[in-house]
Each structure stands twice: as C-alpha cells, then as structure tokens.
1. Given the options ARG76, ARG95, ARG113, state which has the largest fluctuation in a GNM of the chain using a 10 Å cut-off (strictly under) for Cα springs.
2. How big is the charge dipole of the range 78-139 about its Cα centre, in debye rounded to the nearest 20, if each Lys and Arg gets +1 on its Cβ and each Asp and Glu gets -1 on its Cβ?
3. Give the residue list of GluC sites (Glu not before Pro) in the range 31-129 that are DSSP loop and have at most 16 other beta-carbon atoms within 10 angstrom.
4. Please list, ordered by chain and number, the residues whose modelled amide H lies under 5 Å from the amide H of VAL78; skip anything fewer than 5 residues away on the same chain.
5. Multiply the residue separation of ARG57 and ALA85 by 0.36 nm, subtract the distance between their alpha-carbon atoms, and state the gained length in nm to one decimal.
6. Within the accessible area of the chain, what % is carbon and sulfur when the probe is 1.4 Å and the other protein chains stay in place?
7. Taking the solvent-accessible surface of protein heavy atoms with a 1.4 Å probe, what is the per residue accessible area of the range 52-128 in Å²?
8. Label GLU30 and THR77 with points 7 Å out from Cα along Cα→Cβ: what is the distance between them in nm?
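The values are calculated or read from the model by the stated rules, or taken from the named source; none is laboratory data. This structure is a prediction, so every number in the text was calculated from the model and none was measured. Glycine also receives a Cβ, built like all others from the backbone with ideal geometry; neighbour counts cover every protein chain displayed. The accessibility values were calculated without ligands, DNA or RNA, using every heavy atom of the protein model including side chains. Shrake-Rupley method; radii C 1.70, N 1.55, O 1.52, S 1.80 Å.
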Amino acid sequence: MNRANPGVNLPALRGHNAALVLDLLRGAGEAGISRLELAERTGLTPQAVSKITARLRAEGLAAEAGRRASTGGKPRTVLRLVPEAGHAVGLHLDRDELTAVLVDLTGTVVAERHAPLAFAAGAEAVVETAAGEVRGLLA
C-alpha cells in the first residue's frame with residue numbers, strides 16, 4: 001500500500017526551532033546557557049541544537065559566554081544572546097500622541113521618540129508621522 005507523504009515544511013520547522021533556542025538564550029541573560037541545557041529544555045537532539053547554535057553564531061546572534069563545570073567529561077561551553085545583533089521598532093498610537101521605540105534582541109529600549117499625532121488629519125498624515133519617527137530612531 002502506497003501512502004502519500006504529506007511532507008514537512010522544513011524551513012518553517014527550522015525557523016521554529018531556532019526561535020525556541022533564541023528565546024531560551026534571551027531568557028538566560030548574560031550568564032548564558034549550555035547546548036546540553038538547550039537540548040533538554042527544547043526537546044531537540046543535541047545534534048540539532050549544535051546545528052542551530054552554529055548558525056546563530058555565524059549570523060552574529062549568539063556568542064560564547066565562557067565555560068561551566070561539567071558533571072563528567074569536558075566543561076560545557078555556555079552561549080549567550082548578542083543583544084545588539086538586531087533591533088526591532090515598536091509603535092504605539094494614541095489619540096493625540098505617537099510613541100516609537102527601538103529595542104534590542106532582549107527587548108531593552110535603546111531609543112524612544114514621541115510626536116504629537118492628529119488622527120483627524122487622516123491616515124496618510126498618521127503614516128507619514130510614524131515613518132518620520134522611525135527614521136529618527138534609526139538615524
């Protein structure tokens with residue numbers, strides 16, 4: 001009997017697994033976390049975690065944060081997130097004010113801007129105000 005294989009979206013699965021690892025790195029802070037701990041907490045195999053962390057290190061998103069004593073064998077290498085490796089912009093629009101923030105990968109606010117906002121001026125004016133504040137953050 002020939003069963004159809006529904007297939008797996010491997011790029012989506014890789015992205016999901018990388019997001020799991022990044023979230024644990026973010027939560028570990030400066031102290032970092034070992035690959036073995038990442039494997040235990042995500043349920044991924046140590047080999048999968050090694051591949052993911054190698055990719056994250058190559059992209060500059062993760063870095064070594066030292067070594068920890070092991071319960072047996074060689075000391076464990078600890079990895080940490082590199083907060084400045086990426087940023088995100090957040091916008092909050094109130095009735096009369098726009099707040100724009102730039103955050104690093106840990107969610108720490110790096111820069112913040114405020115501007116008066118007039119919803120009555122129309123969508124185009126609101127979008128232009130938002131775009132101007134984002135440009136100001138990135139400058």
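1. Taking springs between Cα atoms under 10 Å, the residue moving most is ARG95.
2. Details: 4 positive and 9 negative charges, 42 e Å.
Charge dipole of the range 78-139: 200 debye, to the nearest 20.
3. On the way: sites: GLU37, GLU40, GLU59, GLU64, GLU84, GLU97, GLU112, GLU124, GLU128; in loops: GLU59.
Answer by residue number: GLU59.
4. The answer is ALA65, GLY66, ARG67, ARG68.
5. Values: separation 28, 0.36 × 28 = 10.08 nm, distance 1.06 nm.
Residue separation times 0.36 nm, minus the Cα-Cα distance, leaves 9.0 nm.
6. Working: 4870 of 8950 Å².
Percent of accessible area from carbon and sulfur atoms in the chain: 54.
7. On the way: 4770 Å² over 77 residues.
Per residue, the range 52-128 has 62 Å² of solvent-accessible surface.
8. Inter-label distance under the simple model: 2.3 nm.
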